[in-house]
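The values are calculated or read from the model by the stated rules, or taken from the named source; none is laboratory data. Treat the numbers as computed from the prediction; the structure is a model and nothing was measured. Here Cβ is always computed from backbone atoms with ideal geometry, including for glycine, and neighbour counts include all displayed protein chains.
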Amino acid sequence: LALGRRLPLNCPSACGATYCSEACMDADLAAGHALCCKALGRLAAVTSRKATTFERSSAGFLLRVFAADAARRRSAREADTSRTSPIKPGFLRAPSVDDAHRQCADRAELPGFESRKSARERAARLAVQNAGKLVPHEAALQLLCREPQNSYALRDGANTYRGWIMYPHASMINHSCVPNTACVANGQQLAFYALADISCDEELTQSYLTDTLHGASTREWGFHCTCPRCDGTDAADEFYRTHVCACGCIVVPTMGGGLPCSCHNRSDARMPRASPSEV
């Protein structure tokens with residue numbers, strides 16, 4: 001992960017992967033790094049003349065995702081042979097590639113689809129060329145096709161976009177311009193905070209918008225929102241006075257030491273995703 005500084009640890013095999021700590025490296029090794037290490041090294045040698053930043057970063061994403069999925073499946077097979085306790089239900093398990101494939105996909109009627117489609121095809125081809133059987137071409141294309149509507153921004157401490165990350169379970173939560181939750185990224189997990197009291201039968205919602213204040217809309221997700229904010233009424237004013245920073249980010253309650261908002265020193269929900277040009 002790019003954090004605005006040089007990370008101190010490098011992969012011993014010189015594949016280009018860098019880590020912030022020994023624990024970070026160990027977590028990556030446990031998640032299947034060895035299965036894609038050589039392929040990442042080959043990918044690192046691909047120059048910008050041969051592939052764009054989006055194509056190279058997306059290919060690296062595919063290598064890591066399918067390596068982690070292969071490691072997860074292997075661990076599941078080993079666990080099946082010695083299981084003594086019942087499988088945890090549904091959302092208690094870690095998300096998988098299968099969960100990501102069940103997300104909504106990019107569609108031809110959405111602006112910029114053709115350019116995104118051709119970039120995804122080149123990225124998937126680049127991943128397959130460097131990884132062979134580890135990355136199935138069609139599955140790679142399908143996964144990248146689900147990224148635009150289901151990814152979250154990866155930002156550094158200065159609130160600068162560094163890329164995107166997919167949380168397949170979290171992105172199942174529907175949109176509202178006046179949501180009752182906001183989330184803060186914490187490594188491999190998102191922590192959701194309630195912005196108001198939520199009853200036991202009330203749907204959880206989150207905002208998909210990059211900027212809630214300055215004319216952002218839900219068109220890029222393929223639906224038209226008719227909430228109080230979007231229909232031009234002032235019914236959402238109190239929510240925005242309480243929960244939205246002047247920069248447009250939804251902020252969560254301080255909760256005794258949350259992440260600081262970059263411009264107003266409040267807990268920034270850091271929810272907007274990066275566009276492909278920002279990866």
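Output the residue which, of all residues in segment 106-139 that are out of contact with any Pro (no Cβ under 7 Å at 6 or more places or on another chain) and outside any helix (DSSP H, G or I), is surrounded by the most Cβ atoms within 10 Å (Cβ to Cβ). Let's see the steps before the verdict.
Here is the first cut: in segment 106-139, the ones out of contact with any Pro (no Cβ under 7 Å at 6 or more places or on another chain) are 107-115, 117-118, 120-139.
Checking the rest, the ones that are also outside any helix (DSSP H, G or I) come to 107-112, 135-136.
Numbers: Arg107: 12, Ala108: 7, Glu109: 7, Leu110: 14, Pro111: 9, Gly112: 13, Val135: 24, Pro136: 16.
Among them, the one singled out is Val135.
Working only within segment 57-75, note down all residues that are hydrophobic (A, V, I, L, M, F, W, C) and either closer than 13 Å to Leu144 by Cα or free of Cβ contacts under 8 Å to residues at least 60 places away in the same chain (or both). Before the answer, list the steps.
Start the filter on segment 57-75 by keeping residues that are hydrophobic (A, V, I, L, M, F, W, C), which leaves 59, 61-63, 65-68, 70-71.
Residues satisfying the conditions are Ala59, Phe61, Leu62, Leu63, Val65, Phe66, Ala68, Ala71.
Which of (1) at pLDDT 85 or above; (2) outside the structural domain of Phe54 (by TED's automatic domain parsing) does Asn159 not meet, given it meets every other one?
(1)
Spot the failing condition for Ile198; the list is (1) modelled with pLDDT of 85 or more; (2) over 20 Å from Val251 (Cβ atoms), and only one is missed.
(2)
With the requirement that a residue be of a type outside the set (S, T, N, Q), at pLDDT 90 or above and in contact with a Gly (Cβ under 7 Å, 6 or more places away or on another chain), what does segment 2-61 give you?
Within segment 2-61, Cys15, Leu40, Gly41, Leu43, Ala44 meet the criteria.
Would a scan of segment 75-90 turn up a residue that is modelled with pLDDT of 80 or more, assigned by TED's automatic domain parsing to the domain that holds Ser13 and crowded, with 18+ Cβ neighbours inside 10 Å?
There is no residue in segment 75-90 that is modelled with pLDDT of 80 or more, assigned by TED's automatic domain parsing to the domain that holds Ser13 and crowded, with 18+ Cβ neighbours inside 10 Å.
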